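Below is one structure, written out as structure tokens; comments come after it.
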Number of protein chains: 2
Amino acid sequence: MYTITISDRNCAWLAPPADGPVETIPVTEPKPGEILEIENGMLGRAALIRQARAAREAIEKHRPDRIVTLGGDCLVDLAPMAYLNTRYGGTLGVLWVDAHPDVLTPKDFAQGNAQVLGALLGKGDSDLVSEVNTPIKTSHIKYAGLDAWMPVEGAVINTFGLRRAGSDSLAETSAPVLNWIADEGIAHLAIHFDVDVLDPAKFGPVLFNKPGAPADAWTDVPRGRMLPDQVVRLLQDVAATCDVVGLAIAEYMPWEAIAMHNMLRKLPLLAG
Amino acid sequence: MYTITISDRNCAWLAPPADGPVETIPVTEPKPGEILEIENGMLGRAALIRQARAAREAIEKHRPDRIVTLGGDCLVDLAPMAYLNTRYGGTLGVLWVDAHPDVLTPKDFAQGNAQVLGALLGKGDSDLVSEVNTPIKTSHIKYAGLDAWMPVEGAVINTFGLRRAGSDSLAETSAPVLNWIADEGIAHLAIHFDVDVLDPAKFGPVLFNKPGAPADAWTDVPRGRMLPDQVVRLLQDVAATCDVVGLAIAEYMPWEAIAMHNMLRKLPLLAG
């Protein structure tokens, strides 16, 4: 088997060393004060499409059996999941470990990171969808740790009949997910792990802990309720019953590192 | 002028790129479950002395005019400060930005990180002291952000007549430090910046924010009370009035990165 790792420097240095090739997808930082524009309903759309295509090219260069993706926001999983589902003949199982369903479209919400699973189903922005050769089979998708959603998201979940295991059902056991794997006969599984599925009181580097954020920021966005040990146990249990061929880590927000970086770059002998 | 950087991977990747040679001092991690022993009153003494000597050798290989040190605990500043004071003929000024005076001896406290400024004055563990060819002139030392100390530390401060600017006196102005630089005619200054001088409610990656620590942990250890912007302003003001030839960053505790690392290394496709 052959694994590639697509890496982000904020997160990759914290993972064990890769045992296969490593690719880095360049992401241009906005200039100081630059405001990204909404293009066809999506913030920074051209850049996002460019990055997704660069990831696809990096993957197709290697044609690996497995992919580890260290992001970056949730949209980092578009190219890996799309490739893996084609690689495994449209039978890929997808475990979406996330506090949010990621099935919005530009009509509902301007951020591409909330649209990635929709695109993998063939729904949403045409350029995102066109990156997906083989849409994921809807019965092969299971949410883990998803407890709340917006009405427009609920409509998509119902239309496609997407399965869900909430955080309470996974607190002590992995059975809801293991049963789904058995029932559907899933042999090859890709895992999307958005760290915001974790309780922000128990795991610091997530959006909701942004230093200095107003007390009423994101009050209408559901918080994760899982614990790190619960997700680790779930993913280990899953790996014992089927072949995990994809793992993406998304939405890690290194607030401490950002604070340290912002301070160091202003100090004598370090400032430019 | 010629600068070397002594780096630690937790912190160095967050600093702007070095503009001179970079040296890394190897630090052997304790094995899982290994308890460091107290040797002649100091925890892990042999390893600490070995690291201090390795830093000294790395510095003497380059004989630089300036040193940036990205640690690591406070003891990382033993070799750089000792070298720089000899390099500048015993006239080095030392600005010790820290919530703790770091003048304990093995008789008082078993951790070497709390002994480093004492050793630079020629007081304490004989092997630490023997790394200091030219003790720092006591009138050339000034604490910044130091508000509280133990009686045994107070005795050392009084005996040596060490100067101090508390956090309140530096909240709005750098004058207490700038006046000292002018009064003493300090031309070359080295700065020791222990990030635990910062208010732990305002800056996360310090000891006092260790995740899962008992509520009564370190209740008898003074917390820092400065803000990041106050320290940045102080150090920038200082750099405008004299030649900053040394900067050490100590006690950065990347709790978020540790939590992420501990989780990633247990996940499918990443676990060894």
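The values are calculated or read from the model by the stated rules, or taken from the named source; none is laboratory data. Please read these numbers as outputs of a predicted model, since none were measured by experiment. Please note: Cβ atoms are built from the backbone with ideal geometry, for glycine as well, and neighbour counts cover all protein chains shown. Side chains included, ligands, DNA and RNA excluded: accessible areas come from the protein's heavy atoms. Shrake-Rupley method; radii C 1.70, N 1.55, O 1.52, S 1.80 Å.
Here are a few things to note about the model shown:
- From the list A:Gly124, A:Gly112, A:Gly154, A:Gly145, the lone residue that is of a type outside the set (Lys, Arg) and more than 27 Å from A:Arg45 (Cα to Cα) is A:Gly145.
- Every test in (1) open to solvent by 50 Å² or more (accessible area, probe 1.4 Å); (2) within 14 Å of chain B (Cβ to nearest Cβ); (3) more than 18 Å from B:Trp13 (Cβ to Cβ); (4) not aromatic (Phe, Trp, Tyr) is passed by A:Thr3 save one, and that test is (1).
- For the residues B:Val238, B:Val177, B:Val232, the requirement of being part of a helix (DSSP H, G or I), touching a residue at least 40 places away in the same chain (Cβ under 8 Å) and touching a Lys or Arg at 6+ places or on another chain (Cβ under 7 Å) singles out B:Val177.
- Condition check for A:Gly72: open to solvent by 10 Å² or more (accessible area, probe 1.4 Å) and modelled with pLDDT of 95 or more: no
- Residue list for the range B:250-272, restricted to those being within 16 Å of the chain's Cα centre (by Cα) and either open to solvent by 40 Å² or more (accessible area, probe 1.4 Å) or more than 7 Å from chain A (Cβ to nearest Cβ) (or both): B:Ala250, B:Glu251, B:Met253
- Just one residue in the set A:Gly246, A:Gly212 is within 11 Å of chain B (Cβ to nearest Cβ), assigned to a strand (DSSP E or B) and not hydrophobic (A, V, I, L, M, F, W, C); that residue is A:Gly246.
- Hey, B:Gly204 open to solvent by 10 Å² or more (accessible area, probe 1.4 Å) and without any contact (Cβ under 8 Å) to a residue 24 or more places away in the chain or not: no
- The residue list B:Val197, B:Val245, B:Val238 contains one member that is of a type in the set (A, V, I, L, M), modelled with pLDDT of 95 or more and closer than 24 Å to B:Phe109 by Cβ, which is B:Val197.
- Put simply, of A:Val97, A:Val103 the only residue that is surrounded by 15 or more Cβ atoms within 10 Å (Cβ to Cβ) and within 14 Å of another protein chain (Cβ to nearest Cβ) is A:Val97.
- Qualifying residues in the range A:39-58 (those that are open to solvent by 80 Å² or more (accessible area, probe 1.4 Å) and modelled with pLDDT of 90 or more) - the one farthest from A:Val116 (Cα to Cα): A:Glu57
- Residues satisfying the stated conditions in the range B:101-117, i.e. more than 10 Å from the chain's Cα centre (by Cα) and at pLDDT 95 or above: B:Pro101
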